[in-house]
Amino acid sequence: MRISLSTKVAIGTFITASIAVAMVSFLSFHLMTKYFKQNSLASLCFELKEDSKSIKSSINKIVYDGYILSKTDTLRAFYRAYENKYNYDAKTNNTLQTLTNSLQDNFTSLLSYNKAYFNIRLLRNDGQELIAAYKDAGGIHLRKPNELQDKSKKKYFLEAKEKKDGDVYISDINLNREYGQISYPLTPTVRVALPIYIKGKLFAILIINANVDKLFTVLEQYQIKNTHKHIYIADKKGYYIYNPQRTKIFGYEFGYANYTLMHDFDLSKTSYYTDDLLFTYTKLFYTSTKFIYVALSSQNTFSQAQYNDFIHSSIFYVLLISLFVALISLYIVHHLISPITQITKTAKEIAQGEHKELIKFDTLGATDEIGELARSLKTMMHKLNESKKQIEEKVEERTQELNKLNENLESIIKKKTNENIKQLEALQQQSKLASMGEMIGAIAHQWRQPLNEIGIAIQNLKYDYEDGLITEEYLNDFIASTKKVIKFMSDTIDDFRNFYRVDKTKEIFNVKDAIEKTLSIQKAQLVNNHISVEVIGDGFEVNGYKNEFQQVILNLINNAKDILLEKNVNDAKITIILKDNTVIVRDNGGGIPKEVIKRVFEPYFTTKEQGKGTGMGLYMSKMIIEENIKAKLDVSNTKEGAEFRIDFND
C-alpha cells in the first residue's frame, strides 16, 4: 500500500510529539518523586532526632530512679546497722533485718512500678551482693541469703567502683547473663550503677538492670505490623541491639560477624534515599564516651496506585495532544508538498520510460527549495542522457574483452585444479606421517618401563648366579615373569594399533580386576623401588575397552612412580580408590606445579628431564578415556601429591 509523503510526515509528527510529551511528563513525575523523597527524608531525620531524645530520656530516667533510691534514709540506716556489731541502728531503733526488709520492699516496689527494670541489687564494696531483687515471667522474687552472688569480677562492678561520690556509671548495652550463661529469652540490658559513699568512704554500689526492649518506649510505635518504617539500634561496633529481625541482634555472640548496621546500610552518609528506601542514622552519646547508633529506615511510600493513575492519565493526554498536533501537521504539509507531488509523478514517468523528451520542470513556477529541486532535476536529466551514451560504449568494449577471456578460461581452470589436487595429496601424506609419529612416540613411552624392568631382572640374574641362588624354580620364575613383561610389550603394540583401527568392540569388564592385572606386571619393580600400592574400594563393571583402560592405569602408575623416585620420597606410596563409578589414582610426590598443571594433557608436553619423557603418555590416556571409553579424565593436586580421577559417570 502506497502512503503519501504528507501522511508519513503526519505520522512522524504524531510519534515525535508523543515522545516529547511523554518525556516531559515522565521528567515531571521524576522531579515530583524526587521532591517527595527529599521531604520524606527530612521528615524521617526529624523523627530520628525526636526518637533519640526519647531514648536518652529513658536512660536518664534509670539514673534518676537510682539516685532517688540511693539517697533514702533507709539506706543510711541500713549502713549504720550493718556497721554496728549488734546489727542495730539506734537512730531509727531498727535492726539490720528490719532495714533489709524495708530496702527489699523499696526494690520490689520499683520493679513492679517500671516494667523495664528486671534486676535491682545492692553490692558491698567488695562485690558481694547484700540485697538482690529480680523479676521474671513468674513474678518478682528476692534472692535468698545463700543464693547471693559474688560480682567482684564483673566489668560493671570494677568500673563503677572507680567512680567518685555523686558520679554515675552506665554500662555498654549487652545481653544479660546469669551464672556466666546468656539468659533466655534474649534480654538486651543496660546497667546503671551508683556508688554510695558514706562518711567519705565507699560502702556499697546500687545497680539497676533494665531491659532495653521495654525501656526504650519509642520502639513500640515501630512494632506495629505492616508499618513501612523500621528503627534500628546498634552498639559502637555496629552490632544490632534492636532489629525487627530478632535473629540479627548481638550477632557477635553467635558467630555472625555480618549482622551489623554497616553491613546492611551505607553509613558513609548520615541520610540518603534510593529507589525503594529512605535511611538516616545518628550517634547517640549517653555518656561522655559511650554511644549507640540509632537509625530509621522507610520504604518508598509513593504508592503503586498513584504511579498507575499517573501512567494512565499521561497516556491519555499524550495521545490527545499528539493527535491534535498530527492533524495540524497533515494540513500544513499537504499544502506545502503539492509541487513535490507533481515532480514525483513526472520522475516516475521518466523512470518507466514514458517520456522520450526532456520535461519542462520550469512550468512548476516555484521560487523556494522546491523550485531549486525542479531546476536540479532538469540538469540531472541532461547529464543522464549523456551518461547513457557513455555506458553503452563501455558495455560494448567490455563485451569484446569478456569474449577473449572466455577462450582462455577452460585451460586456466584445468591448471588450477591439478595444482589443488597435488596440494591435497601432500597434506594427506603429512597427516599420515604425523599420525604415525604420535603412535611411535606413544609406544616408545610405554615400552621404556618394561625394558628397564627386563634390564634390571637380567642384571639381578647375574648377581644371583654369582651368589649361587639360581635354582630350577628360580629360573622358571625368571622366565615366566620375563615372558609376561614381553607379552605385555606385545599387547602394548596391539592395543595402540587398535587405537587407530575402527573395528574395535567394547566389552563389559570389572575395573578392579583390570587394575590388579596391571599392578601384577609392575609389582616387582614397585617393590624394588620401595613404593607401596594400595587398592581401596569394591570393583564395578563398565562397558568399554579393557586393554586401553589398562594402558591408562599403567601410564598413571608409571608417572606416579617416576615422580616418587625423582624426588626420593620417603614412605612413597600410590593409592588407587574405587568409589561411585570413579577411579582415583593418588601419590605423595608433592604434586604438579600450578603453572603447568593445565598443560599436562597436551601432546609432547612433559615435566621430566630431556630424554626421560615423550609427553605422549597423558595425552594418549586422555584420548583413550574421553574419546574411546566416553568417560572423563582430570587432574588436581592434594596436600600430599597429584590426583588423577577417571569418572565413568560422565
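Scanning region 109-127 for residues that are open to solvent by less than 50 Å² (accessible area, probe 1.4 Å) and either more than 15 Å from Thr187 (Cβ to Cβ) or in contact (Cβ under 8 Å) with a residue 40 or more places away in the chain (or both) yields Leu110, Asn114, Ala116, Tyr117, Phe118, Asn119, Ile120, Arg121, Leu122, Leu123, Gly127. In region 289-309, the residue that is modelled with the highest pLDDT out of those that are open to solvent by less than 10 Å² (accessible area, probe 1.4 Å) and within 14 Å of Lys37 (Cα to Cα) is Ser297. Total residues in region 452-474 satisfying the condition of being part of a helix (DSSP H, G or I) and out of contact with any helix residue (DSSP H, G or I) (no Cβ under 8 Å at 6 or more places or on another chain): the figure is 10. Checked against (1) exposed (fewer than 15 other Cβ atoms within 10 Å of the Cβ); (2) over 28 Å from Ile198 (Cα atoms); (3) touching a strand residue (DSSP E or B) at 6+ places or on another chain (Cβ under 9 Å); (4) not small (Gly, Ala, Ser), Tyr67 passes all but a single condition, namely (2). Restricting region 139-189 to residues that are open to solvent by less than 60 Å² (accessible area, probe 1.4 Å) and of a type in the set (Lys, Arg), the residue that is farthest from the chain's Cα centre (by Cα) is Arg143. When the strands (runs of 3 or more DSSP E) confined to region 87-164 are screened for residues that are of a type outside the set (Ser, Thr, Tyr) and touching a Cys at 6+ places or on another chain (Cβ under 8 Å), none reaches at least 1 such residues. The requirement of being modelled with pLDDT of 90 or more, closer than 26 Å to Ile59 by Cβ and out of contact with any Ser or Thr (no Cβ under 7 Å at 6 or more places or on another chain) is satisfied by Leu261. The set of residues in region 203-245 that are at pLDDT 90 or above, closer than 18 Å to Phe118 by Cβ and open to solvent by 60 Å² or more (accessible area, probe 1.4 Å) comprises Lys214, Thr217. Every condition in (1) under 24 Å from Ile486 (Cα atoms); (2) open to solvent by 30 Å² or more (accessible area, probe 1.4 Å) is met by Thr505 except one, and the failing one is (1). Looking across region 537-560, the residues that are under 40 Å from the mean Cα position of the chain (by Cα) and under 14 Å from Asp587 (Cα atoms) come down to Ile553, Asn555, Leu556, Ile557, Asn559, Ala560.
The values are calculated or read from the model by the stated rules, or taken from the named source; none is laboratory data. Please read all numbers here as calculations on a predicted model, not as lab measurements. Cβ coordinates were reconstructed from backbone atoms using ideal geometry, including for glycine residues, and neighbour counts include every protein chain displayed. Ligands, DNA and RNA are excluded from the accessible area calculation, which covers all protein heavy atoms including side chains. Shrake-Rupley method; radii C 1.70, N 1.55, O 1.52, S 1.80 Å.
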